[in-house]
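Enquirer: The structure follows.
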Amino acid sequence: MEESEQVPAVTVKEPLDLVRLSLDEKIYVKMRNERELKGRLHAYDQHLNMVLGDAEEIVTTIEIDEETYEEVYKKTKRNIPMLFVRGDGVILVSPPIRAGV
Amino acid sequence: MSNRKEPLSQFIQQIHGRPVVVKLNSGVDYRGVLACLDGYMNIALEQTEEYVNGQLKEKYGDAFLRGNNVLYISAQKRRYN
């Protein structure tokens, strides 16, 4: 069965279109090993290898308080002017919250 | 042979635009409306909610999930909360 092709102006036909529409925008990337990245998406490929500019990396570690044995989540941040991200570590990519909120 | 594939492609067609739960290998659940998916099981979700240990942790307007992390996609009849 052949479906007639509809062509809306801006469309998400395949998941990677969501990433394509985020080019040159600030995106949020959730990575393996409790790492998060925020940065401007300069380039990407089908593996989700990405080049991020003005990137901020947030690493979450769990430390155990020696007295109370409570788990303390500790976030360490650092800024990287230009970052190449290998795609296999990527879990989730979220485009920026649209302007005008 | 194509008969065997039919239920799969039917399921995939049926869940487009429907609320789904996507579970990742890490155990994290994503609830949202399925925008599309591809052969790698990369998934685009809308109105995404991230549940860690059953607790709502984060919301994303749109979210791209990389297919290698996906454990399953489950179609929801109705959205809770």
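Enquirer: Scanning the stretch B:1-37 for residues that are among the hydroxyl-bearing types (Ser, Thr, Tyr) and without any contact (Cβ under 8 Å) to a residue 24 or more places away in the chain, which turns out farthest from B:GLY67 (Cα to Cα)?
Expert: Only one residue tops the list, namely B:SER2.
Enquirer: It is to be established whether one or more residues within the stretch B:68-80 are among the hydrophobic types (A, V, I, L, M, F, W, C), more than 22 Å from A:LYS13 (Cα to Cα) and free of Cβ contacts under 8 Å to residues at least 40 places away in the same chain.
Expert: Within the stretch B:68-80, none of the residues are among the hydrophobic types (A, V, I, L, M, F, W, C), more than 22 Å from A:LYS13 (Cα to Cα) and free of Cβ contacts under 8 Å to residues at least 40 places away in the same chain.
Enquirer: With the structure loaded, tell me whether B:VAL21 is more than 12 Å from chain A (Cβ to nearest Cβ) and part of a strand (DSSP E or B) or whether it fails that test.
Expert: Taking the combined requirement at face value, the residue satisfies it.
Enquirer: Also, I was wondering about something else. For the stretch A:13-98, which strands (runs of 3 or more DSSP E) that fit wholly inside it have 1 or more residues that are in contact with a His (Cβ under 9 Å, 6 or more places away or on another chain) and more than 23 Å from B:ASN69 (Cβ to Cβ)?
Expert: A:50-64, A:71-85
Enquirer: Restricting the search to the stretch B:46-76, which residues are within 13 Å of another protein chain (Cβ to nearest Cβ) and either of a type in the set (D, E, K, R) or in contact with a helix residue (DSSP H, G or I) (Cβ under 6 Å, 6 or more places away or on another chain) (or both)?
Expert: B:GLU46, B:GLU49, B:GLU50, B:LYS57, B:GLU58, B:LYS59, B:ASP62, B:PHE64, B:ARG66
Matching residues to (1) polar (S, T, N, Q); (2) out of contact with any Leu (no Cβ under 6 Å at 6 or more places or on another chain); (3) at pLDDT 90 or above:
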residue	(1), (2), (3)
B:LYS5	no, yes, no
B:LEU8	no, yes, no
B:PHE11	no, yes, no
B:SER26	yes, yes, yes
B:LEU34	no, yes, yes
B:ASP38	no, yes, yes
B:MET41	no, yes, yes
B:GLY54	no, yes, yes
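Enquirer: Where residues in the stretch B:27-45 are more than 10 Å from the chain's Cα centre (by Cα), more than 7 Å from every other protein chain (Cβ to nearest Cβ) and surrounded by 12 or more Cβ atoms within 10 Å (Cβ to Cβ), which of them is nearest to A:SER94 (Cα to Cα)?
Expert: The selected residue is B:VAL28.
The values are calculated or read from the model by the stated rules, or taken from the named source; none is laboratory data. Everything quoted here is computed from the prediction, not taken from an experiment. A quick note on method: Cβ atoms are made from the backbone with ideal geometry, for glycine too, and the neighbour counts reach across all protein chains shown.
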